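Have a look at the structure below, then the notes.
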Amino acid sequence: MKIGYYSYVWYNGEIVEWNKATVHLMSHALHYGTSVIEGIRAYADEENVYVFRLVDHMKRFINSAKIYSFNLKYSLDELLKAVVETIRTNNVKEGCYIRPIAFVGMHGIDLYVSKDSPINVAIILLKVGEYMKSEGVRACISSWRRICDPLIPPLAKAGGNYLNSVLATQESKRNGYDEAIMLDLNGNVSEAPGENIFIVRKGKIYTPPVSAGILEGITRDTAITIANDLGYEVIERNIPKTELYISDEIFLTGTAAEIAPVISVDGITIGDGKIGPVTKSIKELYHQAVRNKLPKYSHWLTKVY
Ligand code: PMP
């Protein structure tokens, strides 16, 4: 995947040059994974740049920090303004990916992270193109199980969680697949390394509940809303692995991946091996909604200029 960078980063309340936005080797997060992150997309049309569901992302960011007792020092309002300021300062007029991060800085080897521990907050912009193959994803069931709430809470979007995602991704690529699907400790479908999952059976849509070790995805919520508005019933319930094989359609949702059809699982073709009608209709509406083409969903957009 190609990644590009912009000149300026928002770092602890100041705009700094890309090359100066650095950390010390003893940063706690580098050693112990003590960071929380967000992944947000902005989309552009001829008139403006729109950040998609910025408030929801920043609320999740604040909640992730709360779970780990990080003292962010910035209010929701300040964080929202910081994102807009960062995009404006870089004079971005195209779609971009926004990465807020809060991490424990110089805290030695002390594992007692408390409200008094030094937290750094940054907002970084990236150029990210297509993240998933638009023609369809060939997925496998990972032998790695998804992290679960009593071990490492998946509801916090914490840096350390992604070690689990890295292992599952490595295994899937090593075996020639595009993407992994992870089961929870009980053997039910959880999510992909960086996406939530939905299946379609007999015209109804199913997705694993929050208790299946998922991150409560904002694209997941968007897909549920759009699907309901299209007249589909969306049911949150446990999905046994085998149900994937006999689904009519499967799709993944995520800020980076957007709405990505899965065309096979473990080499078993899903539906007719192409994007299915339900996935297609949700994907199309999603693409229009994020680009301010549907007034019904414009409340999800924050205008940058
Ligand atoms: N699960 C995981 C593990 C993720 O990293 C992501 C991406 N943030 C998602 C699900 C999808 O979340 P969202 O739709 O909010 O991007």
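A short reminder: the numbers here are calculations on the coordinates, not readings from a lab. The structure displayed is predicted, hence computed values, not measured ones. Note that we place each Cβ from the backbone using ideal geometry, even for glycine, and neighbour counts take in every protein chain shown.
Assorted remarks:
- Helical runs (DSSP H, four residues minimum) scored at -39500 (n - 2.57) apiece and divided by the length of the chain put the mean residue ellipticity at 222 nm at -7500 deg cm²/dmol.
- At an R0 of 25 angstrom, the distance between the Cβ atoms of Ser114 and Leu163 translates into a FRET efficiency of 0.60.
- Between helix 76-89 and the chain: long-axis angle, C-alpha atoms, 0 to 90°, nearest 10: 90 degrees
- Mean projected area in nm² (Cα convex hull; one quarter of hull surface) for region 16-131: 7.9 nm²
- Amide H to amide H distances under 5 Å link Leu183 with Ser142, Arg146, Ser190, where only residues 5 or more positions off or on other chains count and H is placed in the peptide plane.
- For region 41-179, the Cβ-based charge dipole about the Cα centre amounts to some 320 debye (Lys, Arg positive; Asp, Glu negative; other atoms uncharged).
- Ranked by how many other beta carbons lie within 10 Å on average, peptides 243-255, 188-200 from highest: 188-200, 243-255
- Listed residues Leu167, Leu54, Leu183, most fluctuating in the chain (Gaussian network, C-alpha, under 10 Å): Leu167
- Set Lys157/Lys293; Lys2/Lys66; Lys66/Lys303; Lys133/Lys274; Lys133/Lys202 screened for pairs whose C-alpha atoms are more than 23 Å apart: Lys157/Lys293; Lys2/Lys66; Lys66/Lys303; Lys133/Lys202
- A run of the chain free of exposed loop cleavage sites, with trypsin sites (Lys or Arg not before Pro) counted only in DSSP states other than H, G, I, E and B and at most 10 other beta carbons within 10 Å, reaches its longest extent at 3-114.
- Qualifying chymotrypsin sites (Phe, Trp or Tyr not before Pro) in region 105-160, DSSP loop, other Cβ atoms within 10 Å at most 10: Tyr112
- Helix 162-174 and the longest principal axis of the C-alpha atoms of the chain enclose an angle of approximately 50°.
- For the chain, with +1 on Lys and Arg beta carbons and -1 on Asp and Glu, the positive-most of Leu30, Ile239, Gly213 along the dipole: Leu30
- Radius of gyration, Dmax [the chain; alpha carbons; angstrom]: 19.3, 56
- Electrostatic dipole magnitude of the chain [Cβ: Lys, Arg +1; Asp, Glu -1; Cα centre; debye, to 20]: 100 debye
- Degrees, to the nearest 10: 277-290 long Cα axis against longest axis of the chain: 20 degrees
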